[in-house]
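Here is the structure we will look at, set down as structure tokens.
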Amino acid sequence: MDLTSKQRAQLRGLANGIDTILQIGKDGIGENLVKQADDALEARELIKGRVLDNNLDYDARRAAEELARATRSEVVQVIGTKFVLYRESHSKPREKRIQLANGGRKKP
């Protein structure tokens, strides 16, 4: 699923109010970090992560893209050492999920 620019803008706005819950340290992206990110995405749909200074292998863009691939999510934003990922939850009731904008497309 590719996000439209309108949907990205909506998710960036929502991400402003959330705390960073993932930290990629010197060990990089391992099985445990992927599992943690996957669980967090299923519970919250939108998560914020950070690449710590002691990690010499990853910059935030590369870490976000690799983690997004591993968790089947979308990279919403990367700024400095922080990044935001989104994936629609399938365990939450539909009314409790993040309702994305339709992307500005007109219905026929």
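Observations on the model:
- Computed on the stretch 5-91, the Cα convex hull volume stands at 87 Å³ per residue.
- DSSP beta bridges fully contained in the chain are about 70 percent antiparallel.
- Helix-derived mean residue ellipticity, 222 nm - over the chain, DSSP H n ≥ 4, -39500 (n - 2.57), to 500: -10500 deg cm²/dmol
- Förster radius 30 Å - calculated FRET efficiency between D2 and E66, Cβ distance, rounded to 0.05: 0.95
- Near-label residues of the stretch 38-68 by backbone N, under 13 Å of a point 7 Å along Cα→Cβ of K82: 47-51
- Once C-alpha pairs closer than 8 Å and six or more residues apart are averaged by separation and normalised to the residue number of the chain, the relative contact order reads 32 percent.
- Ascending count of other beta-carbon atoms within 10 Å, so fewest first, for T20, T71: T20, T71
- Ordering L46, L67 by the number of other Cβ atoms within 10 Å of each residue's own Cβ, fewest first, gives L46, L67.
- The stretch 1-23 versus the stretch 50-74: alpha-carbon centroid distance in Å: 16 Å
- When the chain is treated as a GNM with alpha-carbon contacts under 10 Å, the residue of A70, A15, A60 showing the greatest mean-square fluctuation is A70.
- Along the chain, longest interval not containing exposed trypsin sites (Lys or Arg not before Pro), exposed being DSSP loop plus at most 13 other Cβ atoms within 10 Å: 27-71
- Nitroxide proxy distance, nm - points 7 Å out along Cα→Cβ at D27 and H90: 2.8 nm
Coordinate-derived values only; no laboratory data. Everything numeric in this text was worked out from a predicted model, so none of it was measured. Cβ sites come from the backbone with ideal geometry, for glycine too, and all protein chains shown count toward neighbours.
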